[in-house]
Amino acid sequence: MMDDKDELMNTTRHLQARMSQRAISTFELDITLAFGEVRGDKIVLNKKRIKELITEFEYINTNQLERAK
């Protein structure tokens, strides 16, 4: 049986320890992996990208509400 941390990605004990030390949730990691930008050996999700995503999601949500009418 998989726990929450292993649901979308196999995590190592090292990763789990770092996430715990830095108070990074599995949800935050999943969002970063899904929407972050690859920069070398890192995946970055900065404030600018987060604002862009919020705008995109608001647009999608607005369109869904209009279609439901």
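The values are calculated or read from the model by the stated rules, or taken from the named source; none is laboratory data. Nothing here was measured: the structure is a model prediction, and the numbers come from that model. Note: ideal-geometry Cβ built from the backbone for every residue, glycine included; neighbour counts use all protein chains shown. Ligands, DNA and RNA are excluded from the accessible area calculation, which covers all protein heavy atoms including side chains. Shrake-Rupley method; radii C 1.70, N 1.55, O 1.52, S 1.80 Å.
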Residue in the range 57-65 that is among the acidic types (Asp, Glu), farther than 30 Å from Leu15 by Cα and without any contact (Cβ under 8 Å) to a residue 40 or more places away in the chain present: yes
Residue check, Leu65 of a type in the set (A, V, I, L, M), modelled with pLDDT of 90 or more and assigned to a helix (DSSP H, G or I): no
Scope the range 21-60; condition open to solvent by 80 Å² or more (accessible area, probe 1.4 Å), modelled with pLDDT under 95 and among the hydroxyl-bearing types (Ser, Thr, Tyr); matching residues: Tyr59
Contacts under 9 angstrom Cβ, first residue in the range 36-54 being assigned to a strand (DSSP E or B), partner surrounded by 10 or more Cβ atoms within 10 Å (Cβ to Cβ) and small (Gly, Ala, Ser), 6 or more apart: Lys42/Gly36; Ile43/Gly36; Val44/Gly36
